[in-house]
Amino acid sequence: MTPGDLLIGLGLMLLIEGAMYSLAPRGMQRLMAQLGQLPEGHVRLLGLASAVLGFLIIFTLRG
C-alpha cells in the first residue's frame, strides 16, 4: 500500500460522505440526531464494526 492508495481512499470517503450530505441533508441530520441518542457503547461498537469491515475489504482486495 502506497501513500497514494491512502489518499485515494481518503478522497473516496470524502466524496461519498459529501454526496450524502449534499443529496440528503435532512436525512443526515436525522441520522446524526439518532446516533446522538445511542449509548456510548453502541456507538463505539458501530465504529469498531465499520473499521473491521473496512480492513477486511482492503485486505481482501489488496491481499
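Angle of helix 40-62 to the longest C-alpha principal axis of the chain, folded into 0 to 90 degrees and rounded to 10: 30°.
Extending 7 Å from the Cα toward the beta-carbon at both residue 20 and residue 37 defines two label points whose distance is 1.8 nm. Over the chain, dividing the summed -39,500 (n - 2.57) contributions of all DSSP H runs of at least 4 residues by the number of residues returns a 222 nm mean residue ellipticity of -31000 deg cm²/dmol. Remark: spin-label model distance residue 51-residue 1 equals 1.3 nm, labels positioned 7 Å along the Cα→Cβ axis.
Spin-label model, residue 44 to residue 10: label points 7 Å out along the Cα-to-beta-carbon direction sit 2.7 nm apart.
Laboratory data are not the source of any read-out in this text; all were calculated from the coordinates shown. None of these values were measured; they are calculated from a predicted model. For neighbour counting, all protein chains shown are included, and Cβ atoms are generated from backbone atoms with ideal geometry for every residue, glycine included.
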